[in-house]
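Heads up, the thing below is written out as structure tokens.
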Amino acid sequence: MSVLLLVLYGSLVVAACGAVYRLVVGPSMADRIIALDLLLVSLMTGIVVDATARNDASQLNLLVVIAIIGFTATVAVARFMERSQ
């Protein structure tokens with residue numbers, strides 16, 4: 001594994017740890033939703049980096065499914081928050 005991949009994976013872990021912290025501590029529901037989106041984006045980026053490093057495109061279907069689920073969940077929670085105010 002090259003040094004560049006280690007730096008990429010390390011930065012993704014730092015971003016995910018920051019998102020988990022905000023997910024647990026976040027003072028509002030909006031902060032928690034944004035943290036969850038950041039976790040999903042970090043996961044998706046990790047999948048892309050792994051697929052690129054292995055030169056294997058078989059995991060990209062998983063990437064599309066995660067993106068659709070994340071978008072749908074964010075829109076649903078945003079509509080719920082809008083109606084509850």
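The values are calculated or read from the model by the stated rules, or taken from the named source; none is laboratory data. None of the values given here were measured: they were computed from a predicted structure. A quick note on method: Cβ atoms are made from the backbone with ideal geometry, for glycine too, and the neighbour counts reach across all protein chains shown. To get the accessible areas, we keep the full protein, side chains included, count just its heavy atoms, and leave off ligands, DNA and RNA. Shrake-Rupley method; radii C 1.70, N 1.55, O 1.52, S 1.80 Å.
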Note to self: with every protein chain in place and a 1.4 Å probe, the chain gives an accessible area per residue in Å² of 71 Å²
To the nearest 10 degrees, the tilt of helix 3-25 (Cα long axis) against the first principal axis of the alpha carbons of the chain is 20 degrees
Magnitude of the charge dipole, the chain, Cβ model with Lys/Arg +1 and Asp/Glu -1, debye to 20: 180 debye
What's the angle, to the nearest 10 degrees (0 to 90), between helix 60-84's Cα axis and the longest principal axis of the chain? 10 degrees
Solvent-accessible surface (1.4 angstrom probe) belonging to PHE71, in square angstrom, nearest 10: 140 Å²
Among (i) 5.5; (ii) 5.9; (iii) 4.8, the value of mean projected area of the Cα convex hull in nm² computed for this structure carries the label (ii)
Selection from VAL65, VAL41, ALA78 lying farthest towards where the dipole of the range 7-85 points positive, charges on Cβ: ALA78
